[in-house]
Amino acid sequence: MVSVIVPLFRGKKYVGQILEQIEKNNAYACGMEMQLVLYNDCPDETIKIDHAEYNFAIKVINAVENAGIHGARVNALRHAAGEYILFLDQDDVIRDNYIESQCKNIGNADASVCRLINGKRLHYTDSFRFEEVITREFMLNHWCPIISPGQVLLRKEAIPNIWEENILVNNGADDYFLWLCMMAEGKQFVLNQEVLFEHMITGFNTSENTNLMMDSEQEMIRILLSRHVFSGKEELELQRLPDSLRRTHVTMLTRYKEAYAVYDTGMNFIIRDISRREIGQKMKKIAVYGAGVTGQSLFKLLQSMGIEVPFYVDRNARYMTLDIPAYTLEDSPQDIDGIIISLNRESGQIKASLQERFDCPVYQLREALTCVNEAVRVPAKDLVTAWENI
């Protein structure tokens, strides 16, 4: 049996989606029995389900008091009857064959980690290789490369006691804590090359959330060190881990700050000004370099203006699963009237490469952002002049 554990917090709106996903997986599971354990961690809400409507076991626990995400998972685990456990978040999306594929892949191992789509892109790429980052060494020296516990099917008996007995007060790092505890005990992780999971990105993380995550990570590390879960060289690596995590968070916050600046200062203004000057009159097809969150926002904005965006250019094009094609620079078609580079720290070098490849104007969002930021110190008419001189 597979027990799917889903902690809910103000999650009534997700229950229907969760039930539908489990029902579809149950149909694919080739005789594998399934159990859904919903742990409602919001005492202000009550969740009820008509069990008779479904042909898999359902257990609903309405908590009397909030336990936090780690506590909710552990409390729900006590009601799990399955040999295998899948911890899902309430807004997770799994493929219809998730359970079947993961059960076949796990073999005699303790955990099976699948590939995923993260923000409409395959998460692991040539520069962030699946086989190189889902490792004990990477997790001890860098950060947690498993985006969500929903990527992992694990054996119930492989869940370490230390993870169940030391509930993190700060939400965020309990899954990272679980993987490190399992690895310290020598549990075997195998990789599933199928894309079975989708992580939804609905907005940017805030600095407050980052602070909470860092607090949770620090709490996790204190427990691991005080319990001497690792020893020797690995314990020294664990002691240095906070510095690596801090650098990672600072880098991400810088990127979010830039992305926020684009929205706060008006991406609409930037693109509409290009439209007023040139695109609306001469350019009918615009490509976007960079298919990240900002690039996808540029795509939607240009579309809303009636401008065709035939493709993205991205170094990781073969990992894209978007609404339009994505090409590497070398393979991209040349039949376009212009190209816009979304936020990228190497945008100057990228611009030079694009100008060699394409016989059309190349715009940098970073340059536009610099001009817009100057608007707080210069009159609006001078801002337009500055932008026109890019």
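The values are calculated or read from the model by the stated rules, or taken from the named source; none is laboratory data. What you are looking at is a predicted structure, and each value in this text was computed from that prediction instead of being measured. Don't worry about glycine lacking a Cβ; one is built from the backbone with ideal geometry, like all the others, and counts go over all protein chains shown. Side chains are part of the model used for accessible areas, which takes the heavy atoms of the whole protein and leaves out ligands, DNA and RNA. Shrake-Rupley method; radii C 1.70, N 1.55, O 1.52, S 1.80 Å.
Below, the figures for the structure above:
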quantity	calculated
Tally of residues being acidic (Asp, Glu) and open to solvent by less than 10 Å² (accessible area, probe 1.4 Å) across the range 66-99	1
Residue in the range 107-143 that is nearest to the chain's Cα centre (by Cα), counting only those that are without any contact (Cβ under 8 Å) to a residue 40 or more places away in the chain and open to solvent by less than 30 Å² (accessible area, probe 1.4 Å)	133
Residue 37 vs. criteria among the aliphatic types (A, V, I, L, M) and open to solvent by 10 Å² or more (accessible area, probe 1.4 Å)	no
Index of the failed condition, residue 209 passing every other in (1) within 21 Å of residue 88 (Cα to Cα); (2) at pLDDT below 95; (3) open to solvent by less than 30 Å² (accessible area, probe 1.4 Å)	(3)
Pick from the range 149-161, criterion under 22 Å from residue 96 (Cβ atoms) and in contact (Cβ under 8 Å) with a residue 60 or more places away in the chain, ranking: surrounded by the fewest Cβ atoms within 10 Å (Cβ to Cβ)	149
Among the residues listed as 63, 57, the single one being surrounded by fewer than 20 Cβ atoms within 10 Å (Cβ to Cβ) and either more than 20 Å from residue 154 (Cα to Cα) or of a type outside the set (A, V, I, L, M, F, W, C) (or both)	63
Residues located in the range 165-181, provided they are out of contact with any Cys (no Cβ under 6 Å at 6 or more places or on another chain) and not in a loop (DSSP other than H, G, I, E, B)	165, 174, 175, 177, 178, 179, 180, 181
Of the criteria (1) more than 28 Å from residue 296 (Cβ to Cβ); (2) open to solvent by less than 10 Å² (accessible area, probe 1.4 Å), which one residue 164 fails	(2)
Close pairs (8 angstrom Cβ cut-off, 6 or more residues apart or separate chains): in a loop (DSSP other than H, G, I, E, B) in the range 38-66, open to solvent by less than 80 Å² (accessible area, probe 1.4 Å) and of a type in the set (Lys, Arg) anywhere	none
Residues that are open to solvent by 60 Å² or more (accessible area, probe 1.4 Å) and more than 18 Å from the chain's Cα centre (by Cα), drawn from the range 171-194	185, 188
Residue that is least open to solvent (accessible area, probe 1.4 Å) [pool: residues in the range 304-360 that are part of a loop (DSSP other than H, G, I, E, B) and of a type in the set (Asp, Glu)]	314
The one condition in (1) of a type in the set (S, T, N, Q); (2) under 22 Å from residue 9 (Cβ atoms); (3) open to solvent by less than 10 Å² (accessible area, probe 1.4 Å) that residue 102 fails to fulfil	(2)
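Here's the yes/no breakdown for (1) modelled with pLDDT of 95 or more; (2) part of a helix (DSSP H, G or I):
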residue	(1), (2)
187	yes, no
204	no, no
215	no, yes
224	yes, yes
233	yes, yes
